[in-house]
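Read the structure below first, then the notes.
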Amino acid sequence: MSVEQAPAKKTMGVDPFERNWMLFSIALLVVFFTLVTIAGFALGFQVPGVETEVDPATVADSGPFASPGLRQIADGEYEAHVVARTFSYDPREIEVPVGSKVTIYVTSVDVQHGFKIQDTNINMQIVPGQVSKLTYTFDRVGEFPYICTEYCGIAHAAMYGVVKVVQPGAGGDG
Ligand code: CUA
């Protein structure tokens, strides 16, 4: 039994043991606030960026979201545009060769959705009027389902698609 805290005097009627835990909690808040500040401003950790502001009523009428899907932009590098709407994604399937670095742009034409690709760190909020963007390198063959992570209505649970990561030349439309 070790009681090595300051003389056990009662301060404002607070038990020393309780006071120490209160001080510990406050210290934790200070530590967390400091870490979040460092991560946000010094290390550049950001929430999925607002890439562009768009008009949700017309965004799918012209430009890349009018023909959503995969485009090759360099050797081993792709970009994919995905339109989210209640209750589906367009496209529902994206196929890339293994090792591809894919930048994914997603926007919504109606309400707020989510876009999370299982087993990756891609997890974005999709807000109408904004384009969310994240990049990921698919270095493992397999199927990576993407799902809606924001409740958007009655068929929210049916809102999903899949990224198929394949060996180059193993079929598909390349
Ligand atoms: Cu879209 Cu839930």
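Just so you know, all these numbers are worked out from the coordinates, no wet-lab data involved. The structure displayed is predicted, hence computed values, not measured ones. Every residue, glycine among them, receives a Cβ derived from its backbone with ideal geometry; neighbour counts consider all protein chains shown.
Computed from label points 7 Å out along Cα-Cβ, the spacing between Ile26 and Lys164 is 6.0 nm. The length gained on full extension between Glu77 and Phe33, counted as 0.36 nm times the residue separation minus their Cα-Cα distance, comes to 12.1 nm. Radius of gyration (Cα atoms) of region 35-174, expressed as a multiple of 2.2 N^0.38 Å: 1.05.
For region 80-94, putting each phi into the Karplus relation 6.51 cos²θ - 1.76 cosθ + 1.60 with θ = phi - 60° gives couplings of 10, 9, 10, 9, 9, 8, 5, 10, 7, 10, 10, x, 8, 9, 10 Hz, in residue order, rounded to whole numbers and with x for Gly and Pro. A full extension of the chain between Asp110 and Glu93 corresponds to an added length of 4.1 nm, given 0.36 nm per residue minus the alpha carbon distance.
Here the peptides 23-34, 71-82 are ranked by packing, the mean other Cβ count within 10 Å, and the order with the highest first is 71-82, 23-34. So which chymotrypsin sites (Phe, Trp or Tyr not before Pro) in region 118-174 end up in coil per DSSP with only 13 or fewer other C-beta atoms within 10 Å? Qualifying residues, ordered by number: Tyr151. Among beta bridges identified by DSSP and lying wholly in region 60-122, the antiparallel ones come to about 50 percent.
Based on Cα contacts under 8 Å between residues 6+ apart, the chain shows a relative contact order of 20 percent. Under 13 Å Cα-Cα from Lys164, which aspartates and glutamates qualify once same-chain neighbours fewer than 8 residues away are excluded? Output for Lys164: Glu93, Glu95, Asp119, Asp139, Glu143, Asp173.
For the chain, the longest principal axis of the alpha carbon atoms and the long axis of helix 16-37 meet at an angle near 30°. Bridge orientation summary for region 81-174: considering DSSP beta bridges with both residues in this region, about 70 percent are antiparallel. Using the rule -39500 (n - 2.57) for each DSSP H run of four or more residues, divided by the residues of the chain, the 222 nm mean residue ellipticity is -4500 deg cm²/dmol. By DSSP, the beta bridges lying fully in region 25-146 are antiparallel in about 75 percent of cases.
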